[in-house]
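K.L.:
Here it is, the structure, as structure tokens.
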Amino acid sequence: MYLKRHTAFALAVLMAFPLTACSSGSQTDSPQETTPVETTETVPTETALTAELPDKTYGGEEVMFLTSLNNGYDWYTSYEIYAAEMNGQLINDAVFTRNQQIEELLDIRIAETKMENAHTVAQETLIAGDDQFDVVMPYINNTISLATQGLLMDLNTIPYLDLEKPWWDQRANANMIIADKLFFSTGDIAILDNECTMVMFFNKDMIEQYSLENPYELVKEHKWTIDKVREMASVVTHDLNGDGKMTGDDTWGLSVAGNAPISFYFGAGERIVDRNDEGKLEFQIGSARSYDVLDKVMTLCYDDLMLSDKTASAGFDVVSVMFNAGQVMFVTFALVDINALREAEFEFGILPYPLYDESQQEYNNLISSVLVSSTSVPYNNTNSELTGVTLEAMAYYSTSTLTPAYYDNALKTRYVRDEESGDMLDIIFSTRVYDLGFIFDWGGAGSLVTSIYNAKSTEYVSKWQAIQQKAQAALDEALETFAALQ
């Protein structure tokens with residue numbers, strides 16, 4: 001599992017580092033020669049992977065990152081690239097430690113420019129030919145316009161950047177390729193991809209109070225399905241104050257956030273686009289199974305026994321307060337929303353989104369890419385070798401610094417202390433969904449599920465047919481555009 005694999009891997013990196021720091025300080029004649037970072041022979045083979053970094057230093061050169069600042073919601077600001085000093089906070093100190101190791105190892109300086117409108121700044125500077133940024137990290141949905149305009153390099157062409165290594169998210173790499181090119185990725189170098197993963201939280205006391213099945217066991221036994229969620233939630237929902245109306249003053253089994261329907265849709269194993277046998281992207285929404293999934297998802301989300309903004313004007317601020325007060329058993333949030341649950345006086349846990357049925361092979365958890373930073377390299381980068389070495393080193397050393405700190409922060413500082421939640425995060429992070437159709441929203445296809453939900457419609461076939469031609473044309477145009485990029 002993810003946590004256990006990374007814990008063992010982190011130990012391997014920690015044991016290897018003193019050898020690495022001593023052996024990589026000299027300049028070599030050939031910049032193409034690589035010296036793998038050493039590990040001890042006692043580490044199991046599967047954890048003894050190493051970053052192949054050049055045996056050379058770079059004379060104090062600066063690597064400048066452009067990162068995202070979010071003044072509206074500080075939770076979505078990028079804190080994983082740069083830290084000025086140690087301050088006693090887990091994430092900050094992990095970033096500082098990682099960067100210090102890399103700066104000493106490679107003789108470089110990692111720097112950051114943090115901007116609220118990072119994608120606009122990136123676009124304007126790159127169109128003008130300005131090369132001040134070595135790496136740009138806007139939110140993914142904003143980065144696609146940079147890629148479309150030919151302002152980013154194909155990451156597969158960056159020296160020393162080994163995207164097949166486990167410190168890069170292999171599902172992101174596989175699912176975000178377009179026309180055989182990869183313009184943005186993520187992995188251990190980042191934490192916003194973790195924070196913006198859609199999950200479910202549940203009140204353990206309510207599970208016990210209503211004598212319901214243990215959700216953790218249901219997940220492990222592959223019985224955590226949409227039907228099971230509905231069944232359990234329906235048991236709990238009741239008119240607490242006896243006024244004959246279901247409102248925010250009552251008790252609910254499940255809250256349905258505005259992005260829950262699309263999260264349930266992806267959780268059920270469906271996609272907006274996927275690759276056919278020839279590797280070409282094609283629409284999956286509109287298939288017979290997608291309609292079956294939509295019907296089951298909307299039946300759940302439209303149910304009057306489920307709390308939503310449609311039933312009780314229950315937005316995030318309202319639902320988080322109700323959850324903390326013990327009025328809602330299951331809530332549909334992003335993992336970062338755990339920040340709003342600290343007032344809860346009961347034990348709560350984390351769950352993946354449910355399966356369509358027990359025959360589905362794996363759980364799937366959507367990345368809310370609107371607020372997830374991506375790692376991209378500008379087309380006019382003047383030192384792609386240094387950039388590649390730096391990114392590879394940062395991702396690699398994050399496995400022994402940033403990733404363990406993030407898990408520790410998520411499972412301890414944030415008041416989720418049970419081992420089972422760690423197991424759930426392993427499942428969640430290893431089954432995340434990146435869907436180009438959802439990200440690009442070609443012809444409105446990516447937002448169709450949400451549009452259907454907002455309209456409380458059951459006309460799934462006609463809704464898709466109304467935009468199908470437009471969506472296909474937009475997809476075809478995108479494929480032609482990216483295929484033409486050099």
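K.L.:
Give me the Å³ per residue figure for the convex hull around the C-alpha atoms of the range 289-342.
P.N.:
That works out to 92 Å³ per residue.
K.L.:
Same structure, new question: Take the Cα gyration tensor of the range 162-262, multiply each eigenvalue by 5, square-root it, and list the three semi-axes largest first, rounded to whole angstrom. Can you show the working numbers first?
P.N.:
Values: eigenvalues 304, 54, 30 Å².
Working from the Cα gyration tensor, I get semi-axes of 39, 16, 12 Å.
K.L.:
OK, next. Antiparallel versus total DSSP beta bridges in the chain: what percent is that, nearest 5?
P.N.:
About 60 percent, rounded to the nearest 5.
K.L.:
With +1 assigned to the C-beta of every Lys and Arg and -1 to the C-beta of every Asp and Glu, and no other charges, what is the dipole magnitude of the range 121-256 about the Cα centre in debye, to the nearest 20?
P.N.:
Here the range 121-256 has a charge dipole of around 320 debye.
K.L.:
Given a cut-off of 28 Å, name the pairs among Lys280/Lys470; Lys228/Lys456; Lys165/Lys296; Lys181/Lys470; Lys56/Lys165 whose C-alpha atoms lie farther apart than that in the structure shown.
P.N.:
Values: Lys280/Lys470 18 Å; Lys228/Lys456 22 Å; Lys165/Lys296 38 Å; Lys181/Lys470 24 Å; Lys56/Lys165 21 Å.
Among Lys280/Lys470; Lys228/Lys456; Lys165/Lys296; Lys181/Lys470; Lys56/Lys165, the Cα-Cα distance tops 28 Å for Lys165/Lys296.
K.L.:
Going from most exposed to least, what order do Arg230, Arg271, Arg109 have by accessible area with a 1.4 Å probe?
P.N.:
Largest accessible area first, the residues go Arg109, Arg230, Arg271.
K.L.:
In the chain, carbon and sulfur make up what percent of the accessible area (probe 1.4 Å)?
P.N.:
For the chain, the apolar C and S fraction of the accessible surface comes to 48 percent.
K.L.:
Also, I was wondering about something else. Heavy-atom accessible area of Tyr406 with all protein chains present, probe 1.4 Å, nearest 10 Å²?
P.N.:
About 0 Å², rounded to the nearest 10.
K.L.:
Can you give the local net charge around Asp227? Use residues other than it whose beta-carbon is closer than 13 angstrom to its beta-carbon, Lys and Arg +1, Asp and Glu -1.
P.N.:
Working: positive: Lys223, Lys228, Arg230, Lys296; negative: Glu213, Glu231, Asp292, Asp295, Asp303, Asp357, Glu358.
It works out to a net charge of -3.
K.L.:
While we're looking at this one, here's another question. Hey, can you grab everything whose amide H is under 5 Å from the amide H of Thr225? Only 5+ residues off in sequence or another chain; H modelled, so Pro and N-termini drop out.
P.N.:
Leu355
K.L.:
Here is a follow-up. Tell me, what is a quarter of the convex hull surface for the C-alpha atoms of the range 241-281, in nm² with one decimal?
P.N.:
Seen from a random direction, the Cα hull of the range 241-281 projects 4.2 nm² on average.
K.L.:
Which whole-Hz couplings ³J(HN,Hα) result when phi for each residue of the range 455-469 is put into the Karplus expression 6.51 cos²θ - 1.76 cosθ + 1.60, θ = phi - 60°, listed in order with x for Gly and Pro?
P.N.:
Computed from phi, the couplings for the range 455-469 are 8, 6, 9, 10, 8, 5, 5, 5, 5, 5, 4, 5, 10, 4, 5 Hz.
K.L.:
For the range 388-486, just the Cα set please: Rg and Dmax, both in angstrom.
P.N.:
Rg then Dmax for the range 388-486, in Å: 20.6, 51.
K.L.:
Please report the spacing between the Cα centers of the range 434-486 and the range 186-216 in Å, no decimals.
P.N.:
29
K.L.:
Still on this model: For the range 62-205, count the residues as N, evaluate 2.2 N^0.38 Å, and divide the Cα radius of gyration by that value, please.
P.N.:
So the Cα radius of gyration is 1.12 times the expected 2.2 N^0.38 Å.
K.L.:
Taking the Cα centre of the chain as the origin and placing charges on Cβ (Lys, Arg +1; Asp, Glu -1), which of Pro354, Ala314, Asn194 is farthest toward the positive end of the dipole?
P.N.:
Ala314
K.L.:
On each of the three principal axes of the Cα atoms of the range 238-359, give max minus min coordinate, whole Å, ordered largest first.
P.N.:
57, 31, 25
K.L.:
Please arrange Trp75, Trp168 by accessible surface area, largest first, computed with a 1.4 Å probe and ligands excluded. Show your work: numbers first, answer last.
P.N.:
Values: Trp75 85, Trp168 5 Å².
If we order Trp75, Trp168 from most to least accessible, we get Trp75, Trp168.
K.L.:
Now for a separate question. Amide H of Asp169 versus every other amide H placed in the peptide plane: which residues, excluding those fewer than 5 positions away on the same chain, fall under 5 Å?
P.N.:
Thr186, Gly187, Asp188
K.L.:
Can you compute the charge dipole magnitude of the chain about its Cα centre, using +1 on each Lys and Arg Cβ and -1 on each Asp and Glu Cβ, nothing else charged? Give it in debye, rounded to the nearest 20.
P.N.:
760
K.L.:
Taking all protein chains together and a probe of 1.4 Å, list Asp239, Asp249 from the most accessible to the least accessible.
P.N.:
Asp249, Asp239
K.L.:
Can you find, among Asn156, Gln170, Tyr139, the residue sitting farthest towards the positive end of the charge dipole of the range 68-179, where Lys and Arg contribute +1 and Asp and Glu -1 at Cβ?
P.N.:
Ranked along the dipole, the leading option is Gln170.
K.L.:
OK, next. Give a residue-ordered list of calculated ³J(HN,Hα) values for the range 74-89 (Karplus: 6.51 cos²θ - 1.76 cosθ + 1.60, θ = phi - 60°; whole Hz; x for Gly, Pro).
P.N.:
For the range 74-89, the Karplus-derived couplings read 4, 4, 9, 7, 7, 10, 9, 9, 9, 9, 6, 6, 6, 9, x, 8 Hz, x marking Gly and Pro.
K.L.:
What figure in square angstrom, to the nearest 10, would you give for the accessible area of Glu343 with a 1.4 Å probe?
P.N.:
Probe radius 1.4 Å; accessible area of Glu343 about 140 Å².
K.L.:
On the first, second and third principal axes, largest extent first, how far apart are the outermost C-alpha atoms of the range 309-401 in Å?
P.N.:
Result for the range 309-401: principal-axis Cα extents of 56, 37, 31 Å.
K.L.:
Residue by residue through the range 100-113, which ³J(HN,Hα) values in whole Hz follow from phi under the Karplus form 6.51 cos²θ - 1.76 cosθ + 1.60 (θ = phi - 60°), with glycine and proline marked x?
P.N.:
4, 4, 5, 4, 6, 5, 9, 6, 10, 10, 8, 10, 9, 10
K.L.:
If you count only protein heavy atoms with a 1.4 Å probe, what accessible area per residue comes out for the chain, rounded to a whole Å²?
P.N.:
Computed with neighbouring chains in place, this is 40 Å² per residue.
K.L.:
Hey, what number do you get for the chain at 222 nm if only DSSP H runs of n ≥ 4 count, each worth -39500 (n - 2.57), divided across all residues, to the nearest 500?
P.N.:
That calculation yields -12000 deg cm²/dmol at 222 nm.
K.L.:
For Thr125, what accessible area in Å² do you get when you roll a 1.4 Å probe over the heavy atoms of the protein chains, rounding to the nearest 10?
P.N.:
That residue has around 20 Å² of solvent-accessible surface.
K.L.:
Please name which of Ala474, Ser185, Ser451 has its Cα lying farthest along the dipole of the chain towards the positive end, using unit charges on Cβ (Lys, Arg +1; Asp, Glu -1) and the Cα centre as origin.
P.N.:
The one lying farthest along the dipole's positive direction is Ser451.
K.L.:
When the dipole is taken about the Cα centre of the range 352-476, and only Lys, Arg (+1) and Asp, Glu (-1) are charged at their Cβ, what size is it in debye, to the nearest 20?
P.N.:
Charge dipole of the range 352-476: 540 debye, to the nearest 20.
K.L.:
Please report, to one decimal in angstroms, the Kirkwood hydrodynamic radius of the chain built from all distinct Cα-Cα pairs. Intermediate results must be reported in sequence, preceding the final value.
P.N.:
On the way: mean 1/r = 0.0422 Å⁻¹.
Result for the chain stands at 23.7 Å.
K.L.:
Lys and Arg at +1, Asp and Glu at -1: add these up for the other residues within a Cβ distance under 13 Å of Met64 and post the number.
P.N.:
Within the 13 Å Cβ shell, the charges total -4.
The values are calculated or read from the model by the stated rules, or taken from the named source; none is laboratory data. Quantities reported herein were computed from a predicted structural model and do not represent experimental measurements. Reconstructed Cβ throughout: ideal geometry from the backbone, glycine too, with neighbour counts over all protein chains shown. Heads up: the accessible areas ignore ligands, DNA and RNA and are worked out on the full protein's heavy atoms, side chains in. Shrake-Rupley method; radii C 1.70, N 1.55, O 1.52, S 1.80 Å.
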